[in-house]
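Working notes, beginning with the structure itself.
The values are calculated or read from the model by the stated rules, or taken from the named source; none is laboratory data. Predicted, not measured: the structure shown is a model, and the values here were computed from it. With ideal geometry, Cβ positions are generated from the backbone for all residues, glycine too; neighbour counts draw on all protein chains shown.
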Amino acid sequence: MAQKAEMINSIGMKFVLIKPGSFILGKFQPPYPTPKETAKAGTQQGQDTEYTPAQYKLAQQLATQDAKPGFQVTITKPFYIGAFEVTQAQWQQVMGTNSSIFQGNKVSEEAGNHPVENVTWQEAQAFLKKLTQLEGGKVRYRLPTEFEWEYAARAGATDDIAWEEIRLAAQMGLQTTAPVGQKKPNAWGLYDTLGNVWEWVDDYYNEKLFADRVPPKSGKVHVLKGASFVGDVKNATYMTHAAGPGNGWDVGFRVVMEIND
């Protein structure tokens, strides 16, 4: 039986079907200026170019030395993932409490529509367990793996995505979190994958700049993806491989829904 493109669960959470596919994870090429680019910039600023050919060559060598080819990740099974980050209202409905920082007079809109934050990885697991129980065994809820999260967030985008596209898609440079779904969704219908709040994933952190082909089976902390509203714009890329607990008050999550056969 064909799977629906979208699903709404019993508490109104919207899920989007992500079909199988592949992407390159961890590809990294440090930028370095060419003599032509720097000469042009110097002319525009009324300055002379000061770098020698030897210095350019050294910059190129260092950039090549630090470059990483990445590796292919293949998602073999379709999965449903939340179109939005879990909201404060949804958390309140499932858990009966709400310890988010950005509510009340700290936000100008209805706090229930803001993403839940100030949530530990363990607390996210408790939410997922209770949500699964509410569905009576029909479905199971879990955090996405890092590979699932990045594949869904990219929606076919490469690491060469334009900064303007990131700016349009990201909830960043704000004083508080923002209501979910205010920016443009990605090509697969997911909102706020960049900015608003960091998002927990299931994997342990490997203490490296990028994820490994095989995620570690244990660790001290877990991986965070997607940056937050107070994050540096350099972190607002799908490839950023961070770790938590972080600040706490800018950390939330989104959910994967597995339908039991």
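Selection within region 80-111: residues that are touching a residue at least 40 places away in the same chain (Cβ under 8 Å) and not in a loop (DSSP other than H, G, I, E, B). The member of this set that is nearest to Pro144 (Cα to Cα) is Ile81. Screening Asp192, Asp203 for residues that are part of a strand (DSSP E or B), in contact (Cβ under 8 Å) with a residue 12 or more places away in the chain, farther than 15 Å from Thr120 by Cβ and charged (D, E, K, R) leaves exactly one candidate, Asp203.
When Thr132 is tested against (1) free of Cβ contacts under 8 Å to residues at least 24 places away in the same chain; (2) surrounded by 15 or more Cβ atoms within 10 Å (Cβ to Cβ); (3) more than 25 Å from Glu6 (Cα to Cα), only condition (3) is not met. Please determine, by comparing only the residues of region 211-261 that are of a type in the set (Ser, Thr, Tyr) and free of Cβ contacts under 8 Å to residues at least 60 places away in the same chain, which one is farthest from Ile8 (Cα to Cα). So, considering only residues that are of a type in the set (Ser, Thr, Tyr) and free of Cβ contacts under 8 Å to residues at least 60 places away in the same chain, the one farthest from Ile8 (Cα to Cα) is Ser218. Condition first: modelled with pLDDT of 90 or more and of a type in the set (Val, Ile, Thr). Can you find one or more residues in region 206-220 that meet it? For region 206-220, residues modelled with pLDDT of 90 or more and of a type in the set (Val, Ile, Thr): present.
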